[in-house]
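A quick write-up on the structure given underneath.
The values are calculated or read from the model by the stated rules, or taken from the named source; none is laboratory data. Quantities reported herein were computed from a predicted structural model and do not represent experimental measurements. Neighbour counts are summed over all protein chains in view; Cβ atoms, including those assigned to glycine, are modelled from backbone coordinates with ideal geometry.
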Amino acid sequence: MTTHPRPRIPSFLPGSLVAAIDRTRRHALASGALQPIETEQETIDDGGVRFVVRRVSSLALKRIEGERRAAQAAAGKPVNPFLPHEPDLFVAGVSPTHFALLNKFYVIDRHLLIVTRVFADQETLLDAADFAALVACMAELPSLGFYNGGVVAGASQPHRHLQLVPLPLAAQGPAIPIESALDPVHRAAGVARLPTLPFRHAFAWRDATAVPASEPKRTCDPVAEAARCVPLYRALLAAIGVGVIDRDGRLFQSAPYSLLVAREWMLAVPRTREHFGATSINALGFAGSLFVRDAGELAALRKAGPMAALREVSGG
């Protein structure tokens with residue numbers, strides 16, 4: 001029987017991704033391909049978590065780009081920004097199935113998009129190749145992976161892409177703010193609901209030997225790690241009531257959801273709506289990082305409390 005060598009993952013040289021990100025960032029800023037969105041940062045304490053809230057001071061460029069795409073779509077020319085991708089935003093090939101781009105309109109510096117090389121629908125289930133690509137990138141720098149499972153969960157593009165943001169998300173406290181609520185939890189195996197989180201969710205520790213998010217890169221086997229992540233991910237989805245729909249051999253989610261992947265744990269949240277009031281909430285909201293467009297949205301969030309906002313968009 002003929003055996004085939006296992007694909008090399010990551011495709012980039014281990015230890016080289018941060019330099020590639022910074023090199024691409026400098027070039028893309030100089031060319032105008034990368035458009036930072038300036039914010040003012042505040043915090044709101046709620047439920048034992050110090051939420052980081054970034055108030056966006058200018059979304060004009062993103063709005064113009066969105067209007068351009070909407071006009072093309074209305075004219076019968078739907079736009080997929082990943083096929084082809086903008087060359088100046090390309091960071092690295094990650095695997096035979098995925099590559100990494102800088103997020104064009106970014107609020108958090110070094111924000112990566114991990115994109116499938118060929119089109120896959122954002123509402124199909126993640127698979128081992130997705131997790132292998134994500135894990136390979138997360139091993140390079142302290143970071144948090146996340147996925148917006150559908151438009152209601154905050155996905156802006158139908159082409160499947162995971163996302164990664166460097167840590168820490170906050171200047172003080174845990175690298176991931178929501179981790180303040182994880183401290184009392186015994187590191188038991190399996191899927192659980194945490195009494196410290198008042199919104200619908202399912203939580204699981206990934207691996208007792210996992211390196212904390214605050215520590216630098218580690219040597220890992222992304223393929224082996226992905227093989228452990230997939231069944232845990234599927235168990236989390238089942239626990240929040242997200243089923244599987246088979247459409248001609250492609251597995252779709254039955255409902256929208258948000259997913260966080262940290263080095264030590266995973267969290268899945270069902271989504272019943274995208275917005276709390278006028279504020280759009282994506283998966284990062286459940287990590288303790290929220291974005292508002294103006295002082296009015298900030299005031300509404302502060303009055304209700306971030307935990308109430310997360311509870312509302314997750315259906316209770």
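Numerical summary
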| quantity | calculated |
| --- | --- |
| Long-range neighbours under 9 Å by Cβ, at least six apart or interchain, first residue among the aromatic types (Phe, Trp, Tyr) within segment 213-232, second modelled with pLDDT of 95 or more | none |
| Condition check for Arg50: surrounded by 15 or more Cβ atoms within 10 Å (Cβ to Cβ) and modelled with pLDDT of 95 or more | yes |
| Subset of segment 270-307 [hydrophobic (A, V, I, L, M, F, W, C) and out of contact with any Leu (no Cβ under 9 Å at 6 or more places or on another chain)] | Ala278, Ala295, Leu298, Ala299, Ala300, Ala304 |
| Single match in Thr209, Thr196 (criterion: more than 28 Å from Ala255 (Cβ to Cβ), of a type outside the set (Asp, Glu) and modelled with pLDDT under 95) | Thr209 |
| Residue that is on the phi < 0 side of the Ramachandran plot and touching a strand residue (DSSP E or B) at 6+ places or on another chain (Cβ under 9 Å), where the choices are Pro198, Pro96, Pro168, Pro142 | Pro142 |
| Among the candidates Leu125, Leu182, residue that is hydrophobic (A, V, I, L, M, F, W, C) and closer than 18 Å to Gly48 by Cβ | Leu182 |
| Single condition Ser156 does not satisfy, out of (1) on the phi < 0 side of the Ramachandran plot; (2) at pLDDT below 95; (3) touching a strand residue (DSSP E or B) at 6+ places or on another chain (Cβ under 7 Å) | (3) |
| Leu126 closer than 25 Å to Leu194 by Cα, assigned to a strand (DSSP E or B) and in contact (Cβ under 8 Å) with a residue 60 or more places away in the chain | no |
| Some residue of segment 100-116 being over 17 Å from Pro166 (Cα atoms), touching a residue at least 12 places away in the same chain (Cβ under 8 Å) and part of a loop (DSSP other than H, G, I, E, B) | no |
| Hits in segment 231-251 - residues which are at pLDDT 95 or above and among the small types (Gly, Ala, Ser) | Ala235, Ala238, Ala239, Gly241, Gly243 |
| Test: residue in segment 215-232 that is touching an Asp or Glu at 6+ places or on another chain (Cβ under 6 Å) and surrounded by 23 or more Cβ atoms within 10 Å (Cβ to Cβ) | no |
| In segment 272-302, residue surrounded by the most Cβ atoms within 10 Å (Cβ to Cβ) [restricted to those that are of a type in the set (Ser, Thr, Tyr) and closer than 16 Å to Val151 by Cα] | Thr279 |
| Residues satisfying the stated conditions in segment 144-166, i.e. buried (at least 22 other Cβ atoms within 10 Å of the Cβ) and either among the hydroxyl-bearing types (Ser, Thr, Tyr) or over 28 Å from Gly315 (Cα atoms) (or both) | Tyr147 |
| Enumeration of residues in segment 163-173 that are at pLDDT 95 or above and either assigned to a loop (DSSP other than H, G, I, E, B) or closer than 20 Å to Ser254 by Cβ (or both) | Leu167, Pro168, Leu169 |
| Residues of segment 109-125 satisfying the condition of being in contact with a Lys or Arg (Cβ under 8 Å, 6 or more places away or on another chain) and within 25 Å of Ile178 (Cβ to Cβ) | Asp109, Arg110, Gln122, Leu125 |
| Test for Gly305: is it more than 15 Å from the chain's Cα centre (by Cα) and surrounded by fewer than 14 Cβ atoms within 10 Å (Cβ to Cβ) | no |
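Yes or no, residue by residue, for (1) within 21 Å of Cys229 (Cα to Cα); (2) within 13 Å of the chain's Cα centre (by Cα):
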| position | (1), (2) |
| --- | --- |
| Asn148 | yes, yes |
| Gly154 | no, yes |
| Pro158 | no, no |
| His161 | yes, yes |
| Val165 | yes, yes |
| Gln172 | no, no |
| Ile178 | yes, no |
